[in-house]
Amino acid sequence: MSRANEIETRLRGAFHPSELEVLDESQKHVGHAGYQEGGESHFHVRMRAAELADMSRIQRHRAVHAALGSDLVGAIHALSLDLQG
């Protein structure tokens, strides 16, 4: 399973979002630190989920990182998050 699919699967399981978009933006970072041949190193996640509504921005980010797990987060060089409840 690709990292993008794994991100989507874990986030859907944890938050049941009304909207979820996982974009592999690795190609924008060719030649930069952390770029991996074949991509899957830089991601942007846009998610809307009711579970996030009562959380602060930091709590949302921590919740997403926890849902993804240290194994997946550790394999990704960059993860930008656009999260709303």
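The values are calculated or read from the model by the stated rules, or taken from the named source; none is laboratory data. Please read these numbers as outputs of a predicted model, since none were measured by experiment. Counting neighbours? That spans all protein chains shown, and the Cβs are built from the backbone with ideal geometry, glycine included. Note: areas computed on protein heavy atoms with side chains; ligands, DNA, RNA excluded. Shrake-Rupley method; radii C 1.70, N 1.55, O 1.52, S 1.80 Å.
See the values below:
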item	result
Rounded to 5, percent antiparallel among DSSP beta bridges of the chain	45 percent
Separation in nanometres of the label points that stand 7 Å from Cα toward Cβ, at Glu19 and Arg48	0.4 nm
Solvent-accessible heavy-atom area per residue, rounded to whole Å², over the chain at 1.4 Å	58 Å²
The chain, relative contact order [Cα under 8 Å, separation at least 6], %	34 percent
Derived scalar couplings ³J(HN,Hα) [region 11-25; Karplus, 6.51 cos²θ - 1.76 cosθ + 1.60; whole Hz; x for Gly, Pro]	6, 4, x, 7, 10, 6, x, 7, 9, 8, 9, 10, 10, 8, 9
Under-5 Å amide H pairs with Ser41, H placed in peptide plane, nonlocal only	Ser26, Gln36
